[in-house]
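The next block holds one structure in the form of structure tokens; read it before the comments.
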Amino acid sequence: MSVENVAVIRGIYQAFARGDVAHVLGSMSPDVIWMEAENFPYADRNPYRGPDAVVAGVFARCMGEWDGFAVRMDDLIDGGDRVVSLGRYGGKHKGTGRSMNPQAVHVWTLKGGMVVAFQQYIDTLDVARAAGAA
């Protein structure tokens, strides 16, 4: 089912890019475990359990703190029940006016076509500099 899993993740990124949060959340298991990278600003509430926690703790904060927040994952690697994506984040911090362009890696775990776990890895120093925290 790995080809299907890559399609699910590609669909999540496409939905996120067009602002279709309902599609993104609909691709998650009700008991999804979501982990932001250590030292990332939104890792303070790890682990996020369930789509509502992801919306409140991650998505809403990203949109509230960054202008033009974007996730551009250009390479998706098929790992069977795991899909690894490589790319970059973008956006301008609303408080500092500084832009970020950090490298990022996402590791998605799927079961039955639904996301059951997510782990983010990212250049946290680039994000901290843009946010004025470093």
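The values are calculated or read from the model by the stated rules, or taken from the named source; none is laboratory data. This structure is a prediction, so every number in the text was calculated from the model and none was measured. Cβ atoms come from the backbone with ideal geometry, glycine included; neighbour counts cover every protein chain shown. SASA here: full protein model, heavy atoms, side chains in, ligands and nucleic acids out. Shrake-Rupley method; radii C 1.70, N 1.55, O 1.52, S 1.80 Å.
Would you tally the residues in region 81-105 being assigned to a strand (DSSP E or B), within 13 Å of G68 (Cα to Cα) and open to solvent by less than 70 Å² (accessible area, probe 1.4 Å)?
The qualifying residues number 5.
When residues of region 119-134 are filtered for being in a strand (DSSP E or B), open to solvent by 10 Å² or more (accessible area, probe 1.4 Å) and of a type outside the set (V, I, T), how many remain?
2
On the given criteria, is T109 assigned to a strand (DSSP E or B) and either closer than 18 Å to W34 by Cβ or β-branched (V, I, T) (or both)?
It is true that T109 is assigned to a strand (DSSP E or B) and either closer than 18 Å to W34 by Cβ or β-branched (V, I, T) (or both).
Pull up region 7-42, narrow it to residues that are surrounded by 18 or more Cβ atoms within 10 Å (Cβ to Cβ) and of a type in the set (A, V, I, L, M), then point me to the one that is nearest to V127 (Cα to Cα).
A37
Only one of these is of a type in the set (V, I, T), touching a strand residue (DSSP E or B) at 6+ places or on another chain (Cβ under 8 Å), modelled with pLDDT of 95 or more and farther than 18 Å from Y13 by Cα: V127, V71, V83. Name it.
V127
Suppose we filter Y13, Y42 for residues that are among the aromatic types (F, W, Y) and under 19 Å from L110 (Cβ atoms); which single one remains?
Y13 is the lone residue from the list that is among the aromatic types (F, W, Y) and under 19 Å from L110 (Cβ atoms).
Exactly one condition in (1) farther than 20 Å from H23 by Cβ; (2) over 14 Å from the mean Cα position of the chain (by Cα) is not met by K111; state its number.
(1)
Kindly indicate the residue of region 57-86 that is under 13 Å from the mean Cα position of the chain (by Cα) and small (G, A, S) and also farthest from M28 (Cα to Cα) among those meeting that condition.
Checked region 57-86; the qualifying residue farthest from M28 (Cα to Cα) is A70.
How many of the residues in region 47-75 are free of Cβ contacts under 8 Å to residues at least 60 places away in the same chain, touching a Gly at 6+ places or on another chain (Cβ under 9 Å) and either hydrophobic (A, V, I, L, M, F, W, C) or open to solvent by 30 Å² or more (accessible area, probe 1.4 Å) (or both)?
Adding up the residues that qualify gives 10.
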